[in-house]
Structure formats: C-alpha cells, structure tokens
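Here is the structure we will look at.
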Amino acid sequence: MPGASASVPPQADIDRRFMAAAIRLSLRHRGLTGENPSVGALIVRTDGAAPVIAGRGVTALGGRPHAELQALAEAGPAAQGATAYVTLEPCSHIGKSPPCADALVASGVARVVIAVLDPDKRVAGRGVSILDKAGIEVAHGCLESEARKAMAGFLSLKGRGRPFLTLKLAVSADGMIGRRGAGQVAITGETARRAVQMMRVEHEAIMVGVGTIVADDPLLTVRLAGLEKRSPVRVVVDPFARTPPEAKLFDEADRHSVLLLVSEKAQRRQVDALRDRRAAIRAVASDYRGRFDPREVLRSLGVMGLKSILLEGGAETARQFLAAGMVDRIALFVGSTTVGGDGIPSPVTERTVPAGFTVAEESRFGMDRLIEYERMD
Ligand SMILES: NC(=O)c1ccc[n+]([C@@H]2O[C@H](COP(=O)([O-])OP(=O)(O)OC[C@H]3O[C@@H](n4cnc5c(N)ncnc54)[C@H](OP(=O)(O)O)[C@@H]3O)[C@@H](O)[C@H]2O)c1
C-alpha cells in the first residue's frame, strides 16, 4: 500500500517510550531539588522519518530552573510544532520564575504529554487549562504510576504532609537482623552492602533508632567512589539523648549532618554535649514515658522539607513504624547465612510480611536476595 505506515508504532507507544525516557531523566536529581520534585522534560520533533529529541531538561539542583525551561532552551526554534513530554503538570503560578505552562505556549509546541497532574488540588489542572486555551493538544496520565513512583517523596509530602518512608532491613536465612551484644553482624555480602549505599544516595535522610547507634556505632554515610558527597542527613530517634558523644557518626558531622530527635525527657547536659559534637537537635512531642508517635516523627521531618526517608532499623524502631502504618515500602535483603539462637529476630521476614504489602520487585546481589514490597494502597 502506498504510504503504508505499518512499521510506525501507534502514538500511545511513542508517548510511553518518550515518557519513560523523561522519567529516567528525572531520577538524575532525585533528592537534590529542595522542596521541588525532580521533574524530567523532553521536546520531541515528530515531523521527520523518526521522532528526534530536540531538547531535554531535569529540574536543576536546588529546584530551579524547572525542567521544561531547560528543555525548551535546548530545543530553541525546534520546539515549534514539537511534542513536550513532562513527568509533572507544568506549573501555572508565578513564583521565582515565570510559569512553565506560559513558556510552553510561547515556544509554539503543538502537543504536551503529562504523566501526573499537580498534586496540589488548588492548582491541579491549571497548567493544563493554560495549554488548552492556547490551542495546544494535551494528554495526561501517560505512565502515571511509574512517574508517581519516581516522585513518591514529593507526592507524599504534598499529599500527606509527611515524607515517603522505606524500611530497609538485612535478614539472615534464619530471620535474624543481628546478634545480641555482638555489634554489627555481617548478614549480607559486599555487593548487597553497596546496593544499600546506593539506596542511601536516593533518599534525603537515613534514620535509625539509638539502639543501633549504641550497639553498632555505624557511620551511615555513602562510601561509593565518586558519590561520597551524596550522603544524606543521618537522623537518630533518641528520646533520652543516649547517643554517645564519641560515636563515629560525629566524625564527619561537619560534612554530613546528624539530626537527633529528642523528647523533653532528655537531660540538658547530654543534649549540650551532643550539640558540641555538631549534632542538630530537634525536639519532638512525646508521651509521659518519652515515647514518640511515629506519625509525629514523620510530620516533624516533613516540616523540615524532607521528602524521603530510609529507615535502617533496628528491630524496635522498625516495629514501631510498621505498627503505626507509617512504612510505605520495605526493602528486605535476605542473606544466605544463619545467625542462630542468640540472634535478634527481625520484625519482618519473607514469611511475616505485614498485611497490605505486596512484592514489587526481586533482585539478586551475589548470594543475597533483595525483595521489595509495596503497600497496596
Ligand atoms: N540487619 C539489619 O538490617 C539491622 C539494621 C539496624 C540494626 N540492626 C541491629 O539491631 C540491633 C538494634 O536494634 P534495637 O531494636 O535494639 O534498637 P533500635 O531499634 O535501633 O533503637 C531502639 C531505641 O530507639 C528509640 N526509639 C525507637 N522508636 C521510638 C519511639 N517510637 N519513641 C521513642 N523512642 C524510640 C528508643 O530509645 P530509648 O531506649 O532511649 O527509649 C528505643 O529503645 C543491633 O544489634 C543492630 O546490630 C540490624
């Protein structure tokens, strides 16, 4: 047939392909864009034999300039008549920079494909309406769930007023996370430990209970070559300020911050000694026993603008956050060795995954397995 287009994929396939690329691009600055989400944008020309990317942009470090403005700047006049792929609805409000929706209109793009509408209900749809009114064809919802995953922290903070929480635990083949009185016990191998370090890079804060600091004296930094600067803030749930001032955590406190969450029950003298070690101290409301409600802990971290937290144990802290329904994702590393009778039982094993979680991904790191569970809601 003359002009047959049998080999040209349908528009929906092309849209998914470029939106997937925009989502991958957005991951580059995840956790590094301040209060803004890390958004990906592509300007694609479809008037040739095959689609061609004319401009690409990811929200800049610190949150500005926005992805769309950078992609449009790179495309220049080639944006005329092109399709823009953006992982989040273009902004419509005049903040520190002019609205991205207006910039798209001015550029002459013919079509805009959006993955997720603005989560702020007061402005949702306004970016779309600016584009609509200018006669630009708009489609939204393309790869929405993938894009939501990529900006889960931002959506959680905007929608629920608290950061997205991932619980990471390493569990031995017999369901233990450590051994009583033994400090750090190697549950998994080097490859899995490096994967954990990569997870740290992808979060804005690492959190542990003070029991882990006392037992293990961990550094909780990123030690992957070239990524050392990407160590997130280290948060300790420490109602009575029991963290020892000589803890290794403080050795690098000038480069990577330490935040201690204390209650009003903490002794002033101990708090001052920790402040002298350059710890930031944040008072969190507690009950008469100095217990925090995990919701309040997360709310307090959300007020600080933190969007994603990696909770790295120990057993008691993990149990409390699970019981309060505050865990959104579980990353369970399962080792191949056993700990034995004096082990500390894990609050989660493959056989005791809390109700409401389902397996999202499984992978292997040498002899160890990683099972990632997602909350079904
Ligand atoms: N395999 C792994 O993935 C992994 C990871 C981390 C740790 N671990 C192991 O786990 C062990 C430590 O676990 P753990 O259960 O003893 O300690 P933990 O969970 O690290 O810390 C527990 C302490 O944190 C404070 N805390 C936690 N939740 C609280 C809340 N809602 N309100 C107020 N305070 C709260 C309390 O401090 P106060 O006692 O001062 O009230 C509590 O006793 C170590 O042996 C370590 O090696 C294993």
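The values are calculated or read from the model by the stated rules, or taken from the named source; none is laboratory data. Keep in mind that what you see is a predicted model, and the values were worked out from it rather than measured. Backbone-built Cβ (ideal geometry, glycine too); neighbour counts: all protein chains shown.
The set of residues from region 321-366 being among the hydroxyl-bearing types (Ser, Thr, Tyr) and assigned to a strand (DSSP E or B) comprises Thr358, Ser363.
Set side by side, the residues Gly290, Gly313 differ, and just one is in a loop (DSSP other than H, G, I, E, B) and surrounded by 22 or more Cβ atoms within 10 Å (Cβ to Cβ), which is Gly313.
Out of all the residues in region 40-50, is one or more under 30 Å from Leu165 (Cα atoms) and β-branched (Val, Ile, Thr)? There is no residue in region 40-50 that is under 30 Å from Leu165 (Cα atoms) and β-branched (Val, Ile, Thr).
Of note, Ser263 does not satisfy the criterion of being more than 13 Å from the ligand (Cβ to nearest atom), of a type in the set (Ser, Thr, Tyr) and out of contact with any helix residue (DSSP H, G or I) (no Cβ under 8 Å at 6 or more places or on another chain). Taking Ala173 as the residue in question, decide whether it is in contact (Cβ under 8 Å) with a residue 40 or more places away in the chain and under 19 Å from the mean Cα position of the chain (by Cα). In short, no.
Among the candidates Arg329, Arg277, the residue that is in contact with a Phe, Trp or Tyr (Cβ under 8 Å, 6 or more places away or on another chain), more than 25 Å from Thr33 (Cα to Cα), more than 11 Å from the ligand (Cβ to nearest atom) and of a type in the set (D, E, K, R) is uniquely Arg277. Right, Gly341: more than 11 Å from the ligand (Cβ to nearest atom), more than 21 Å from the chain's Cα centre (by Cα) and closer than 14 Å to Ser172 by Cα or not? Yes: the conditions hold for Gly341. Comparison of Arg234, Arg295, Arg319 shows that the only residue that is within 17 Å of Ile206 (Cα to Cα), surrounded by 21 or more Cβ atoms within 10 Å (Cβ to Cβ) and either free of Cβ contacts under 8 Å to residues at least 12 places away in the same chain or of a type outside the set (A, V, I, L, M, F, W, C) (or both) is Arg234. Exactly one residue out of His93, His66 is in contact (Cβ under 8 Å) with a residue 24 or more places away in the chain, more than 18 Å from Ile136 (Cα to Cα) and surrounded by fewer than 23 Cβ atoms within 10 Å (Cβ to Cβ): that is His93. For region 225-232, the criterion of being at pLDDT below 95 and of a type in the set (Lys, Arg) is met by at least one residue.
A single entry from Val208, Val185, Val196 fulfils the requirement of being surrounded by fewer than 23 Cβ atoms within 10 Å (Cβ to Cβ), at pLDDT 95 or above and within 11 Å of the ligand (Cβ to nearest atom): Val196. Here is the figure for region 224-248: residues that are more than 12 Å from the ligand (Cβ to nearest atom), under 20 Å from Leu167 (Cα atoms) and not in a strand (DSSP E or B) total 3. Just one of the listed residues (Asp251, Asp174) is away from the ligand (no atom under 13 Å from the Cβ) and either surrounded by 21 or more Cβ atoms within 10 Å (Cβ to Cβ) or not in a strand (DSSP E or B) (or both), and it is Asp251.
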